[in-house]
Each structure stands twice: as structure tokens, then as C-alpha cells.
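Asks: First the structure, which I've put down as C-alpha cells, then a few questions once you've had a look.
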Amino acid sequence: GGAHLYAVDALTGEVVHHSWVEGAMQPMRVVAREHWLALHFWSAPAHQWAVASVALYRSALDWSAAPVASRNLSLPHALSASFVLPAPLAAISSTVTLRGITPPALLLGLSSGQLAMLRFAWIDPLRPHPESDEQRAVERTLPPYDPVISRDALVYSSYHKQVERLQWIESAPSELESTSLVLAVGLDLFYTRVAPAGTFDLLSSEFNFVALVLSAGGIVSATALMFFLSRRAALHRAWA
């Protein structure tokens with residue numbers, strides 16, 4: 001047994017990618033966002049939960065070329081990988097940010113009712129294999145490939161709380177690029193905000209605002225003093 005995984009162009013209806021996931025069984029849950037998609041399934045041959053990821057790329061990108069309509073684009077180049085994710089899921093989604101600059105993350109609704117976040121980097125097909133020195137040199141920001149995703153990679157956004165009978169997860173962008181708003185729906189409702197790459201556009205609570213104000217005030221005072229001295233020196237030269 002297994003499952004067919006299709007990626008379809010929403011504009012033309014053309015199948016841009018098709019892959020066969022060997023041994024995939026129900027229950028299956030899929031999430032698609034931007035240029036990638038992920039399928040969570042039960043692997044019958046391995047008797048364990050797994051996730052398959054597919055990322056679509058253009059083989060060549062010429063920034064100086066004239067704009068090309070979507071219907072005239074060539075088929076993308078697809079990369080895929082499979083990982084063991086030892087956790088049954090009740091729902092799956094992904095983070096959404098205001099401008100899409102922040103690296104995405106999967107939002108996992110565990111069967112235990114907890115809400116967890118998994119950075120897409122952990123299931124990225126570009127994760128370099130340890131024996132590939134060239135690929136490792138290119139993809140320095142990604143962790144080396146490991147077929148098993150440890151539970152330590154999960155960030156539990158719901159902390160110790162549980163959402164009973166979790167059914168689906170919805171996310172929306174906030175006014176900050178680093179932050180995504182998340183709503184988990186089940187018998188209960190759980191609302192939170194997550195930062196997949198950290199709050200890089202927020203000042204921490206330990207930031208020294210007093211030092212900032214004193215520094216700014218010192219710069220303004222020094223600028224005013226230098227302006228006064230330069231005007232005074234120019235006046236003396238004029239009368240000399």
C-alpha cells in the first residue's frame with residue numbers, strides 16, 4: 001500500500017509534482033504553504049509515524065529577465081525527504097507571517113491535546129547528509145540529515161495545557177513579522193502567539209532603556225555643543 005501525493009497549479013490545474021509515498025496508511029494529514037508541503041502518515045512497513053516533505057524550486061532563476069506569466073512557467077524542480085516523527089497527530093498546520101520573511105514552522109496538534117511547533121528546517125529536503133561535504137558547505141544553516149526527528153525538536157506552545165478533542169489549527173499573521181497568531185480548536189479553545197525564529201523585531205525585557213536615553217541625549221547635546229563652537233569659531237575668523 002501507499003499514497004499518491006500531488007501538487008497542482010491552482011491557476012492552470014496542471015500537476016506540477018507527483019510522488020508515491022510507499023507504505024503510507026491512514027490517518028493522513030497534509031499541510032501546504034508557499035513552495036512546500038508536508039504529509040504526516042502511519043508507515044505500515046516501519047510500524048511508526050512518519051512525515052514526508054516536498055519542496056519545489058525553480059532550477060534556474062534569472063533576476064534580470066523580463067516578468068513571466070504564471071501560466072508560462074516551466075515545471076519546478078522538486079526535492080523530497082522522509083523522516084520519522086514519533087508522535088500521532090490530531091491536526092496539522094503551519095505558521096503564517098506578515099511578509100513571509102520569517103522561516104516557517106509546522107504547528108502540530110498532538111493526540112495528547114498539546115500544541116507543538118516544529119521548525120520546517122527539521123523536515124527540509126535540503127538538510128545535508130553527513131557524508132556530503134559539498135552539500136554541507138552550501139547548507140550551513142540547516143541541521144545535518146537525520147531520519148529521526150527527536151521530540152526535543154518540538155517546542156510546546158501550549159505549555160502544560162491540553163486542548164481536549166483537538167480538531168484543527170488556524171494561524172494568521174500579526175503586525176510583527178516575527179510573530180504568528182495561532183488558534184487551536186477542539187472541545188476547548190487555545191489561543192497563543194508563536195515566534196518560529198525568535199522575536200528578532202522586539203526589544204527584550206532586559207533591554208537597558210536608560211542607557212539608550214542617556215546615549216541619545218549625549219549625542220544630541222554633543223551635536224548642539226559642536227554646532228555652537230563651530231559658529232563661534234567662524235565668527236572669530238570673520239572678525240580677525
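The values are calculated or read from the model by the stated rules, or taken from the named source; none is laboratory data. Since the model is a prediction, treat every value here as computed from it, not as a measurement. We place every Cβ from the backbone using ideal geometry, glycine too, and count neighbours over all the protein chains shown. Note: areas computed on protein heavy atoms with side chains; ligands, DNA, RNA excluded. Shrake-Rupley method; radii C 1.70, N 1.55, O 1.52, S 1.80 Å.
Asks: Under the classification rounded if a/c is under 1.5, otherwise prolate if a/b is larger than b/c and oblate if not, where does the stretch 151-190 fall, given a ≥ b ≥ c as square roots of the Cα gyration tensor eigenvalues?
Replies: Cα axes put the stretch 151-190 in the oblate bin.
Asks: At 222 nm, what value in deg cm²/dmol follows for the chain if DSSP H runs of at least 4 each add -39500 (n - 2.57) and the sum is divided by all its residues, to the nearest 500?
Replies: Result for the chain: -5000 deg cm²/dmol, rounded to the nearest 500.
Asks: Name the longest site-free stretch of the chain, where the excluded sites are chymotrypsin sites (Phe, Trp or Tyr not before Pro) in a DSSP loop with no more than 15 other beta-carbon atoms within 10 Å.
Replies: 64-158
Asks: Considering only protein heavy atoms and a 1.4 Å probe, what is the carbon-and-sulfur percentage of the accessible area of the chain?
Replies: Carbon with sulfur: 59 percent of the solvent-accessible area.
Asks: What does the net charge come to around LEU118 if you take all other residues with beta carbon closer than 15 Å to its beta carbon, with K and R at +1 and D and E at -1?
Replies: Here the charged neighbours net out to +2.
Asks: Under the 0.36 nm per residue contour assumption, what length would be gained going from the current alpha-carbon distance of VAL210 and LEU183 to full extension?
Replies: Once the chain is fully extended between VAL210 and LEU183, it gains 6.0 nm.
Asks: Under 10 Å, Cα contacts only: if you run a Gaussian network model on the chain, which one of PRO196, PRO45, PRO125 comes out with the highest mean-square fluctuation?
Replies: Looking only at PRO196, PRO45, PRO125, the largest GNM fluctuation is found for PRO45.
Asks: Are there any GluC sites (Glu not before Pro) in the stretch 1-64 that are in a DSSP loop and have at most 16 other Cβ atoms within 10 Å? List them by number.
Replies: Loop-located and lightly packed - GLU14, GLU34.
Asks: Tell me the per residue accessible area of the chain using a 1.4 Å probe; a whole number in Å² is fine.
Replies: Ligands and nucleic acids excluded, the result is 63 Å² per residue.
Asks: Which is farthest toward the positive dipole end of the chain among PRO104, GLN167, TYR57, measuring Cα position about the Cα centre, with Cβ charges +1 (Lys, Arg) and -1 (Asp, Glu)?
Replies: Working it through, the farthest residue towards the positive pole turns out to be PRO104.
Asks: Now for a different question. What net charge is computed for the residues neighbouring SER174, neighbours being all others with C-beta under 14 Å from the C-beta of SER174, Lys and Arg scored +1, Asp and Glu -1?
Replies: It works out to a net charge of -2.
Asks: Moving to a separate point now. Taking a ≥ b ≥ c as the square roots of the eigenvalues of the Cα gyration tensor of the chain, is the shape rounded (a/c under 1.5), prolate (a/b larger than b/c) or oblate?
Replies: In terms of gyration-tensor shape, prolate.
Asks: Write down Rg/Rh for the stretch 135-240, rounded to two decimals, with Rg from the C-alpha atoms and Rh from the Kirkwood relation over Cα pairs.
Replies: Answer for the stretch 135-240: 1.34.
Asks: If you don't mind, another one. Can you pull out the trypsin sites (Lys or Arg not before Pro) in the stretch 153-197 whose DSSP state is coil and whose Cβ has at most 11 other Cβ atoms within 10 Å?
Replies: Qualifying residues, ordered by number: ARG165.
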